[in-house]
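These notes are about the structure you will find just below.
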Amino acid sequence: MSQDVVAQHLGLTRSAVSLIESGKRKVDSLELRSFSQLVGRSVAFFLDDETATVKAQSLDDEDPTQILFSANQVVDISQDRSQIERFAQFHREFVHLARMLNRMPGQCSTQPRYNVYKPTPAAARWMANQERARLGLPLSSPIQDMRSILQSQGVRVMGWELVTPKLGGCFIFSPTLGSFVLVKRNLRDYSANMVNFVLAHEYCHDLIHRQQKGITCDPSRHYRKPEEYFAQWFAANFLMPEEALVPRLQRYLEQGEGVITPETVMNLALDFGVSYTAMLNRMSSKGVELIDAETRKQLEKAKVTNLLVQIGRTIPRFEINQFPVEYVDMAFEAYSLGQISLGKLAELLDVPIEEAKAQLEKRGVPIDLGVSSEDDLFRDIENA
């Protein structure tokens, strides 16, 4: 079997395979798994018994997404199994690139930032206030961009198409790389006010639920686990603290007729970067009670599209990248160093070969197929 055939299968350059053969380059778990498939052997075949046991454990540790399929998850994600499995592959590729380029971070702590004795609404409010103080965010200031906050705290945020109706996002954590949040890209036409709340919810998991490794989020509030209720309470307090909400509401009432109208609620929702429903939930929640149950029923009848026209405002929209910038940059660096092939680069970026070439040209990176010609490569594959 030629080096070109092996390189093509592993997504490496011929020179990288040559270094492996000469013992000058190590093989990581992802490459070993791929090579074992090529030659029809198990991974354990290439390892002694003791190493095989350690390696199997290592592979499990590097795949925190497997926890998302557990029976005690909030959401049944069977409809998105292929996407979550793809998420697992992405995580493995991230580890692979980081090790290849010596970019592995230090071991990430699984310890919670805050010790919450009991997950109650009062504890959620306390924690939200503590976190705002730690980040230097005044209680009087709305937060309209949770994505920037998560990224500033080392949480990698991604957006993919997901079909499960009740799935708003997923949180995974591994001691190897840290925290990742996968957000439903098609969540209400990708409106910022829906995504913002989901991100605040997932941020709570990063702060105190890392030891669980993986959690799914249901934005419709139908929960089966106490940590999900707590994350929802945290998000509401973090994004809409009473100290900011009440004064803002008071100003709207003074400008109007002193009555809370659907337009009032819509304006508040846009001010705080949340949905109309999320604002209604907050205003009617126990302990806040700015509106009673009967008033809420009346306000629920309003149509958001009509309200936006009436108040002359729009819901902001933004896109979350398919992959973290760090991952994309590592993929291009690995290619430019001759560590991976053009085909592997396209696979990592989930784009056609031509698009990968276009992005290389945009970055000023020379394009090299890694073999003398495509005909030579196909001839090697046929003769393998």
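The values are calculated or read from the model by the stated rules, or taken from the named source; none is laboratory data. Remember, it's a predicted structure, so these values are computed and weren't measured experimentally. FYI the Cβ positions are ideal-geometry reconstructions off the backbone, even for glycines, and counts take in every protein chain you see.
What's the number of the condition Met330 fails, among (1) closer than 30 Å to Arg99 by Cα; (2) part of a loop (DSSP other than H, G, I, E, B)? It fails just one condition, (2).
Mind checking which residues of the range 295-311 are surrounded by fewer than 15 Cβ atoms within 10 Å (Cβ to Cβ) and in a loop (DSSP other than H, G, I, E, B)? Glu300, Lys301, Lys303 - these are the residues of the range 295-311 that are surrounded by fewer than 15 Cβ atoms within 10 Å (Cβ to Cβ) and in a loop (DSSP other than H, G, I, E, B).
Filtering the range 341-357 to residues that are surrounded by fewer than 18 Cβ atoms within 10 Å (Cβ to Cβ) and over 26 Å from the mean Cα position of the chain (by Cα) leaves Glu354, Lys357. Regarding the range 246-253, can at least one residue be identified that is at pLDDT 95 or above and farther than 27 Å from Gln130 by Cα? Yes; the residues of the range 246-253 include at least one that is at pLDDT 95 or above and farther than 27 Å from Gln130 by Cα. If you go through the range 228-264 and keep only what is among the β-branched types (Val, Ile, Thr) and in a helix (DSSP H, G or I), you end up with Val246, Thr264.
Apart from one condition, Met194 fits all of (1) modelled with pLDDT under 85; (2) among the aliphatic types (A, V, I, L, M); (3) assigned to a helix (DSSP H, G or I); (4) touching a strand residue (DSSP E or B) at 6+ places or on another chain (Cβ under 8 Å); the exception is (4).
Residues that are more than 26 Å from Asn321 (Cβ to Cβ) and at pLDDT below 95: find the helices (runs of 4 or more DSSP H) completely inside the range 335-384 holding 2 or more of those.
374-382
Residues of the range 312-327 that are of a type in the set (A, V, I, L, M, F, W, C) and in a helix (DSSP H, G or I): Val325 alone.
Inspect all residues belonging to the range 250-268 and state whether any of them is in contact with a strand residue (DSSP E or B) (Cβ under 8 Å, 6 or more places away or on another chain), over 20 Å from Pro138 (Cα atoms) and surrounded by 21 or more Cβ atoms within 10 Å (Cβ to Cβ). Looking through the range 250-268, none of the residues is in contact with a strand residue (DSSP E or B) (Cβ under 8 Å, 6 or more places away or on another chain), over 20 Å from Pro138 (Cα atoms) and surrounded by 21 or more Cβ atoms within 10 Å (Cβ to Cβ).
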